[in-house]
Amino acid sequence: MTNTAATDIVGWFAGRLPDGWYTEPPEVLADRDEILVVGRLAEPDLGAEPDPPVAAAARTSRIERHREETRAERIEIAREAERRFRRHVSWGARCGDERRLFTTFSAPAGTRLGMEDRALLDTLVRAGVAADRRHALAWCVRLVRQHQADWVQQLRDAVAGVDAARSAGPATPAA
């Protein structure tokens, strides 16, 4: 996604979301399939040093209350955004250390795999790590994301640099 498209999406949500929903501007992430909006909610007042399990339960309850109270308006906003940006809209909220996603979109990703790769996926299925090859492949992607975060971020930064250089270059003549 180009920086202009990302800026348009972030700006649109900043202007469209009701004031008072969140304590700060929401995190708005987008790829070619989905827009994810995650806002920070005010912490529940639990006194100076609340018991950690009590604080966690209160934060989770605050998120669930927000989810229920904003459902109708979030659906309306999502429909507008989906028409405008042609992407699914997903929602979540943060409260303290708690982060919950209410709705998410899972995009299919078909691929052709060689025998060795299929054997690896089949091993994961036989071992009970995954229900089928599709789930095994998703598990592998999550594992790489968790353990290779720095490397993946370097790749994303490099792609952003290429996008910036491309947009700063001369315009391509129309065909």
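Qualifying trypsin sites (Lys or Arg not before Pro) in the range 49-115, where qualification requires a DSSP coil assignment and no more than 10 other C-beta atoms within 10 Å, comprise 86, 112.
Ordered by the number of other Cβ atoms lying within 10 Å of each residue's own Cβ, fewest first, 28, 159 fall into the sequence 159, 28.
Of the residues 113, 46, 36, the one that moves most in a GNM of the chain with alpha-carbon contacts below 10 Å is 113. The range 116-175 and the range 32-57 have Cα centres lying 30 Å from one another.
Among residues other than residue 129 whose Cβ falls under 12 Å from its Cβ, what is the net charge (Lys/Arg +1, Asp/Glu -1)? The partial results should precede the final answer.
Values: positive: 126, 133, 142; negative: 122, 132.
Its environment carries a net charge of +1.
Within 10 Å of each residue's Cβ, count the other Cβ atoms and sort 106, 90, 61 from fewest upward.
On the way: 106 10, 90 18, 61 13.
Ranked by crowding around the Cβ, least crowded first: 106, 61, 90.
Panel note: the C-alpha atoms of the chain, placed on their principal axes, show extents of 57, 55, 30 Å (largest first).
With a Förster radius of 45 Å applied to the C-beta separation of residue 157 and residue 126, the computed FRET efficiency comes to 0.70.
Read-outs throughout are calculated quantities, based only on the coordinates presented, and are distinct from any laboratory measurement. Worth saying up front: this structure is predicted, and the values here are computed from it rather than measured. Cβ sites come from the backbone with ideal geometry, for glycine too, and all protein chains shown count toward neighbours.
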